[in-house]
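Shown next, in structure tokens, is the structure this report addresses.
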Amino acid sequence: KRVTDRVKRWYEDRFGKDKKFTEEEKFYNEFKREHGIQYHFYFEDIHARYFNEDGTRKTATVPRTIDLQGADEELYERLEKYFVALVKKFSEGNKKPLVFSEVIVYDPKKGEAGTIDLLIVEETGKANILDWKFMTIGAMADDVPWYKQGAFNIQLGRYKDILKDSYGVKEIGMNRAIPILMDVKRKNPKNPNSELVVKGIEIGSVDVSKIKDLTLVPVSEET
């Protein structure tokens, strides 16, 4: 079983199991899903350039090996800038946190597993959970929709419980979903049948006090 199965059931309880999507909506949702996977891979690649598999920092940053152009190049650089700033925040005062990417965690009692996008373990043992949420939000939205926040809360809460119950973690620091908004448009705006493309992304600051747009503010697990 997966933690995301809980999220799926939560959605079904509120919106029903038989929610129907048009073919256009299915295509749009699949487009977002595929690109979300691609951009998660970018974060994995960024992590691997700065950190070893055991979470320790590499003595020198490894050059990027994947070839990107145009919007993807700019997108990658924005994700890297955020990642570097985040790690810097946890490294202040010569601290040396362990930083892990795509961490699979497992609860043997409930037979349930999940994947934490970024796990930062401080020298005190405090664990910080960050989950990348690549998504789109309506132009008139003034915050992340309530149902997405509710789903994030279930997912983050289970990660927290699994770390505590199955891995001996005593203290949780940050436990946040990081909204990363994709600007999805038609390649030719005048042609409604032209292919979809991601024009760019928006991601907030590591210093949350500097974020003015509520749709970019990290969504914390409720506790």
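The values are calculated or read from the model by the stated rules, or taken from the named source; none is laboratory data. Bear in mind that the values here come from a model prediction, so they are computed numbers and not experimental data. In this analysis, Cβ positions are derived from the backbone assuming ideal geometry, glycine residues included, and neighbour counts consider all displayed protein chains. Heavy atoms of the whole protein, side chains included, go into the accessibility calculation; ligands, DNA and RNA do not. Shrake-Rupley method; radii C 1.70, N 1.55, O 1.52, S 1.80 Å.
Observations, loosely collected:
- Per-region count, segment 86-113, residues open to solvent by less than 40 Å² (accessible area, probe 1.4 Å) and out of contact with any His (no Cβ under 8 Å at 6 or more places or on another chain): 11
- Looking across segment 49-85, the residues that are surrounded by 15 or more Cβ atoms within 10 Å (Cβ to Cβ) and modelled with pLDDT of 95 or more come down to Arg49, Tyr50, Phe51, Gly55, Arg57, Leu75, Tyr76, Arg78, Leu79, Glu80, Tyr82, Phe83.
- Cβ-Cβ under 8 Å pairs, at least 6 apart or on other chains, segment 113-136 side among the aromatic types (Phe, Trp, Tyr), far side open to solvent by 20 Å² or more (accessible area, probe 1.4 Å): Trp132/His40; Phe134/Lys32; Phe134/His35; Phe134/His40
- Cβ-Cβ under 6 Å pairs, at least 6 apart or on other chains, segment 42-56 side closer than 17 Å to Tyr76 by Cα, far side small (Gly, Ala, Ser) and surrounded by 17 or more Cβ atoms within 10 Å (Cβ to Cβ): Glu44/Ser101; His47/Ser101
- Selection of segment 200-221 for residues being in a helix (DSSP H, G or I) and without any contact (Cβ under 8 Å) to a residue 40 or more places away in the chain yields Val208, Ser209, Lys210, Leu216.
- Each residue in segment 182-206 was checked for being open to solvent by 30 Å² or more (accessible area, probe 1.4 Å) and under 17 Å from the mean Cα position of the chain (by Cα), and 3 pass.
- Asp13 meets all of the listed conditions (1) over 26 Å from Asn193 (Cα atoms); (2) at pLDDT 95 or above; (3) of a type in the set (Asp, Glu) but one, namely (2).
- Among the residues of segment 207-223, the one identified as open to solvent by 70 Å² or more (accessible area, probe 1.4 Å) and of a type in the set (A, V, I, L, M) is Leu214.
- For Val169, the conditions (1) of a type in the set (A, V, I, L, M); (2) surrounded by 15 or more Cβ atoms within 10 Å (Cβ to Cβ); (3) closer than 22 Å to Lys95 by Cβ; (4) within 20 Å of the chain's Cα centre (by Cα) are fulfilled apart from (4).
- Options Val197, Val184, Val144; residue that is among the β-branched types (Val, Ile, Thr) and in a loop (DSSP other than H, G, I, E, B): Val144
- Qualifying residue in segment 47-60 (condition: under 30 Å from Gly157 (Cβ atoms) and polar (S, T, N, Q)): yes
- The number of residues in segment 160-215 that are under 18 Å from Val87 (Cα atoms) and charged (D, E, K, R) comes to 3.
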